[in-house]
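What follows is calculated from the coordinates using simple rules that are stated; it is not laboratory data. Fair warning: this is a prediction, and the values are worked out from it, not measured in the lab. Note that each Cβ is placed from the backbone with ideal geometry, even for glycine, and that neighbours are counted across all protein chains shown.
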Amino acid sequence: MAQNNSNSNSSNQLLVPGASQAIDQMKYEIASEFGVNLGGETTSRANGSVGGEITKRLVSMAQQSMGGFTQQ
């Protein structure tokens, strides 16, 4: 039987209040930049490219906040 992966059952807990709205805003900005219409009618590859870019930008932001630390 398939599991329900709705937000109410998510195991991911946000540590920063308001982060969800900021991530959603970033998601739609990136989708717009990439020309991707998010949703079920879009390919997994296109939707995934948005998620990958979010991750890349969040890592970059974290590195900058740590004073430019990079792991090699």
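Miscellaneous remarks
- Estimated vicinal HN-Hα couplings, Hz - the stretch 31-38 in sequence order (Karplus 6.51, -1.76, 1.60; Gly, Pro = x): 4, 5, 4, 8, x, 9, 8, 5
- Between the listed residues T42, S65, S32, the Cα displaced farthest toward the positive end of the dipole of the stretch 19-67, a dipole computed from Cβ unit charges relative to the Cα centre, is found at S65.
- Counted charge near Q63, where neighbours are those whose Cβ lies closer than 13 Å (Asp, Glu -1; Lys, Arg +1): +2
- Gyration tensor over the Cα atoms of the stretch 19-67: the corresponding equivalent ellipsoid has semi-axes (square roots of 5 times the eigenvalues, largest first) of 23, 11, 8 Å.
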